[in-house]
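Worksheet: one structure, shown below.
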Amino acid sequence: MSKQHVNGKVYLVGAGPGDPGLLTLRAAQLLASADAVVYDRLIHPEVLKHARPRARLLFVGKEGGGESVRQEEINALLISQARLGRSVVRLKGGDPFVFGRGGEEALALEEAGIAYEVVPGVSSGVAAPAAAGIPVTHRGVSGSVTFATGHRAGKEPDWAHLAGAETLVLFMAGGRLEEATLALIAAGRAPSTPAAIVEAGTWEHQRVLEAPLADIAARAREASVGSPALLVVGEVVSLRSQLRSLVESRPVVSEREQFLKAEAGHE
């Protein structure tokens, strides 16, 4: 396919895990000058306030586990906006290249001959556990951490490999939590291994549930844990009880109204 010269440019920007204070300076600068902002569902409303007043705000987020806009359509939207000569910020939760399909969008832009740049963001894989008082590595406890997703199109995760991780952080764990925990135990992980679910990490309504691996799915089900949520498995979870000052410094919000209100701002 022949590539053509275009005046526009697309910035694949990580918005961080939720807390607007974790947005990078580079991301804020790009939002302030962008002609168009193409954004996902889990973008804090305060982050969007950094956008230029007359910027086009284009929502392409996922709803209820499905996609309101297909990935191919998102790719086409980015290309068409850039070909109009616009500066386009593609705003994605966390980091664009960590389970965010940023690589797919970069490849599409490359193929189309569109100038683009990747702006890393703070990944929820490290930020959500940290906000919950769980260090994903700790000397003498865990010298490595494995990041994985509970959803892989057409292919099962390598549970045997994941079961052997010193610390395992499983993204998008909510919908397959029981299946994932049973698979980890069947692959050799001890049922008594400390585990935690972090719901809406770094958001105002963040919740954390702790239980042995064998029981964490039932605890999450009883508490009606929603999305986004990630699972942390490993001895590092037990450190949370010792980091009381960090854990107690976050306000406890049991109601979900704030989250629903935030979601409504994206519609």
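The values are calculated or read from the model by the stated rules, or taken from the named source; none is laboratory data. These numbers were taken from a predicted model, which means no experiment stands behind them. So basically every Cβ, Gly included, is an ideal-geometry build from the backbone, and we count neighbours across all protein chains shown.
Please list, ordered by first then second residue, the pairs with beta carbon atoms under 6 Å, 6 or more apart or interchain, first in segment 209-232 and in contact (Cβ under 8 Å) with a residue 12 or more places away in the chain, second surrounded by fewer than 18 Cβ atoms within 10 Å (Cβ to Cβ) and polar (S, T, N, Q).
So the pair list comes out as P212/S192.
I'd like the residue in segment 108-150 that is of a type in the set (S, T, N, Q) and in a loop (DSSP other than H, G, I, E, B) and, out of all such residues, is nearest to V47 (Cα to Cα).
Step one: filter segment 108-150 for residues of a type in the set (S, T, N, Q), giving 123-124, 137, 142, 144, 146, 149.
Checking the rest, the ones that are also in a loop (DSSP other than H, G, I, E, B) come to 123, 137, 144.
Values: S123: 16, T137: 29, S144: 32 Å.
Once the filter is applied, the top-ranked residue is S123.
Do we have T149 as modelled with pLDDT of 95 or more and among the polar types (S, T, N, Q) here?
Details: modelled with pLDDT of 95 or more: no; among the polar types (S, T, N, Q): yes.
When the stated conditions are applied, T149 does not pass them.
List pairs: first in segment 119-141 and closer than 13 Å to V233 by Cα, second of a type in the set (F, W, Y), Cβ under 6 Å, 6+ apart or cross-chain?
As it stands, the answer is G125/F147, since those pairs meet every condition given.
Counting only residues that are surrounded by 15 or more Cβ atoms within 10 Å (Cβ to Cβ) and modelled with pLDDT of 95 or more, give me the helices (runs of 4 or more DSSP H) lying completely in segment 172-267 with at least 1 of them.
177-186, 213-222
Which residue out of S123, S144 is polar (S, T, N, Q) and surrounded by 19 or more Cβ atoms within 10 Å (Cβ to Cβ)? Even if it seems obvious, please write down each step before you answer.
Details: S144 fails: surrounded by 19 or more Cβ atoms within 10 Å (Cβ to Cβ).
After applying the criteria, what remains is S123.
Let's see how each residue does on (1) over 19 Å from A108 (Cβ atoms); (2) at pLDDT below 90; (3) touching a helix residue (DSSP H, G or I) at 6+ places or on another chain (Cβ under 8 Å):
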residue	(1), (2), (3)
L31	yes, no, yes
A36	no, no, yes
Y39	no, no, yes
P45	yes, no, yes
R52	yes, no, yes
G65	yes, yes, yes
N75	no, no, yes
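If we keep just the residues of segment 108-120 that are buried (at least 18 other Cβ atoms within 10 Å of the Cβ) and of a type in the set (A, V, I, L, M), which is farthest from R83 (Cα to Cα)?
In this case the residue turns out to be V119.
Just checking, does segment 199-213 include any residue being of a type in the set (S, T, N, Q) and under 24 Å from I43 (Cα atoms)?
For segment 199-213, residues of a type in the set (S, T, N, Q) and under 24 Å from I43 (Cα atoms): present.
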